[in-house]
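To start, the structure itself, in structure tokens.
The values are calculated or read from the model by the stated rules, or taken from the named source; none is laboratory data. Keep in mind that this is a model prediction, so the values were computed, not measured. Here Cβ is always computed from backbone atoms with ideal geometry, including for glycine, and neighbour counts include all displayed protein chains.
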Amino acid sequence: MQNFPKVESFCNQLKTQGVDFICESTLPSLTVTVSFHGPFKGKVVLWRMTLATLKYWDNLGGQFTSTETVASPRCPFIEIFPGVESVYPIKVGLGLRVIDEPVIKKTIIMIRNYKRLDVGRIEFGSMHP
């Protein structure tokens, strides 16, 4: 897998610090910003993730993307935006009460293992049966 210099530098920083990701937010919270690396379209990229509860996204009034407005309550989702130099913004909404370290770790695993990731939005069914 090919790395861009920025991604390679970030991976080296994680290795030096002995961590798998960098969280820029105080935990627990309704929303966190996390940076981590992972595969995407055959290369290693740097993910800049905003991970939040669905309640947090709902409180933004459906204005978290420029292209769509979704009625509340939202479904869990992953939304990937076009990257620059292998740095990709990604937004994730989960039907949880709070975001903490175990949730971050599980979300990173999910993103790294999801084989059909692409730029755009993926929704994961309805919250109500």
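One residue is enough: does segment 33-43 have a residue meeting the conditions part of a strand (DSSP E or B) and in contact with a Cys (Cβ under 7 Å, 6 or more places away or on another chain)?
Checking segment 33-43: at least one residue is part of a strand (DSSP E or B) and in contact with a Cys (Cβ under 7 Å, 6 or more places away or on another chain).
Condition (residue is out of contact with any helix residue (DSSP H, G or I) (no Cβ under 6 Å at 6 or more places or on another chain) and free of Cβ contacts under 8 Å to residues at least 12 places away in the same chain) applied to segment 43-58: is it met by at least one residue?
Checking segment 43-58: not a single residue is out of contact with any helix residue (DSSP H, G or I) (no Cβ under 6 Å at 6 or more places or on another chain) and free of Cβ contacts under 8 Å to residues at least 12 places away in the same chain.
Name the single residue that is nearest to the chain's Cα centre (by Cα) among those in segment 77-129 being in a loop (DSSP other than H, G, I, E, B) and aromatic (Phe, Trp, Tyr).
Applying the first criterion (in a loop (DSSP other than H, G, I, E, B)) to segment 77-129 yields 81-83, 85-86, 95-98, 100, 114-119, 124-129.
Adding the requirement that they be aromatic (Phe, Trp, Tyr) leaves 81, 114, 124.
On the way: Phe81: 10, Tyr114: 12, Phe124: 14 Å.
Out of the qualifying residues, it is Phe81.
In the list Pro82, Pro76, which residue meets the criterion of being under 15 Å from Asp118 (Cα atoms) and either charged (D, E, K, R) or at pLDDT 90 or above (or both)?
That would be Pro82, the only listed residue that is under 15 Å from Asp118 (Cα atoms) and either charged (D, E, K, R) or at pLDDT 90 or above (or both).
Return the residue satisfying two criteria in turn: it lies in segment 80-95 and is of a type outside the set (Gly, Ala, Ser) and surrounded by fewer than 18 Cβ atoms within 10 Å (Cβ to Cβ), and of such residues it is farthest from Ile122 (Cα to Cα).
Ranking the qualifying residues of segment 80-95, first place goes to Glu85.
Can you tell me which residues in segment 31-56 are under 14 Å from the mean Cα position of the chain (by Cα) and either among the basic types (Lys, Arg) or farther than 17 Å from Val87 by Cβ (or both)?
Thr31, Val32, Arg48, Ala52, Thr53, Leu54
Filter segment 48-73 down to the residues that are modelled with pLDDT of 90 or more, of a type outside the set (A, V, I, L, M) and in a helix (DSSP H, G or I), then identify the one that is surrounded by the fewest Cβ atoms within 10 Å (Cβ to Cβ).
Checking each candidate, the answer is Lys55.
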